[in-house]
Amino acid sequence: MERVDRCVVLVDAGYLLGAAASLLAGEPARSRITVDHAALIQGLRERAEADTQQPLLRIYWFDGAPDRVPQPEHRRLRVMPRVTVRLGALTRSDGRWAQKGVDAAMHAELTELARNRACSDVVLVTGDGDLLPGLMSAKEHGVAVHLWAVQAADGDYNQSEDLVAEADERRVLDRAWITKAVRAKDLGGPCAPPPAPRPEIAAILSAPLPEAALAASAERASEAQAAAARSGAPAPAENTPATPDAPSAPGHKTVPTPKDLAALRAHATHPDRQHPPQPGGATLRWSSDKGWVERGGPLGEPAETASLPTLAQVTTAEQRWADREEDITTVGGDPFEVGQVFARRWMERLPETVRLQRLSTLYPRIPHRIDGELLRYAARFGLLAHKDDQIDEHDRYAIRAGFWREIDVRAAAEHVPAGEQ
């Protein structure tokens, strides 16, 4: 079989982006950087063709993802020309995320390309010594191996010494090259504008928890510790970090749940009551908490919200395709942003008879069917993937906060008189 004169690039995304984060932000956390993936892929292609003097066949992008579910960046990458995404698992161990299966997939791809003589040159963007057998196998099949490193933050190597010794050619992607597509995030402010504070929520969160809520919280903590003791797992920490939408109330050591907030509201409204009212009268509830949704009709919701159409019901086939394209190419996957995008589409397609002011008065209860659809939409971005066998509640708060921020903006626009527009 005759060898084809062209080049292939194999990218270990964990190495490339982690090393770039170390170089630009001082730590290897990929959350500290912003990546223009289109510019990065174009830069890799141009650099590979210039270094190897061969046309590009394909760029393979190897990365990890929770449960191997493609994240927003993977969705964008895999529709780019000449790019193939291969995903390994992303697992959490000892409080840290680690890739599983990525090295094995890179080794298999490298060996197969060389054995089939699919290319004359292979560019490896990695630092892991586990690829050494694959690199040596490729050389034995007559493939030239180019090893690329990201400039190390401390000026030293950030690659396996054995890889460096065995590669035919070695290049360093320096800071100037990296910054064409990657930049450090400015952490001085939030990535998205925070939702406008609502006086009702502020008053509730500033009030002390009633004794009943404190007792319920203590009971939940005791049950969790007892369960942990029976299973031999470490007991949960006393102080759980608060979410942006529900900071810990004074005297309350865990994140207040919507149930706690409902009790707080009742206590703030009627501080003289010794016992909070029954849950049936509490309205400060997320609509997906089925056991605590206020019942107001034969379907369990007020008629004006139960009859609201879902996004799927008001979306045409053409709009569905356009939404899919936007999700892949534009939506970044930030929980707050996802909530905003969903709300924008839904409101733009609602019949004109639906008044957003009425919907806004139901805050923070999103109509139950809409709330379920919102969370299912967010799941496409991997936001609701199980982490340590628990749904990330922080993401849920942020998704719903984004939804309500967009509702507020649209409802306010409806209030503007025609002469002031």
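How much length, in nm to one decimal, is gained on full extension between residue 4 and residue 360, taken as 0.36 nm per residue of separation minus their Cα-Cα distance?
Fully extending the segment from residue 4 to residue 360 adds 121.9 nm.
Given R₀ = 35 Å, what would the calculated FRET efficiency be for residue 50 paired with residue 185, taking r from the Cβ atoms and rounding to 0.05?
E(calc), rounded to 0.05, equals 0.70.
Hey, with R₀ at 45 Å, roughly what FRET efficiency would residue 162 and residue 329 work out to, going by the Cβ-Cβ distance, to 0.05?
Computed FRET efficiency for residue 162 and residue 329: 0.70.
Once you keep just the Cα pairs under 8 angstrom separated by 6 or more residues, what percentage relative contact order results for the range 7-184?
Relative CO of the range 7-184 lands at 27 percent.
Under unit Cβ charges (Lys, Arg +1; Asp, Glu -1), what dipole magnitude, rounded to 20 debye, does the range 1-142 have relative to its Cα centre?
Computed charge dipole of the range 1-142: roughly 400 debye.
Please list 121-127, 111-117 highest first by mean number of surrounding beta-carbon atoms within 10 Å per residue.
The peptides rank, most packed first, as 121-127, 111-117.
How would you rank 396-402, 43-49, highest first, on the average number of other Cβ atoms within 10 Å across their residues?
396-402, 43-49
Coordinate-derived values only; no laboratory data. This one's a predicted model, so the numbers in the text were calculated from it and none came from an experiment. Every residue, glycine as well, gets a Cβ built from its backbone with ideal geometry; the counts of neighbours run over all protein chains shown.
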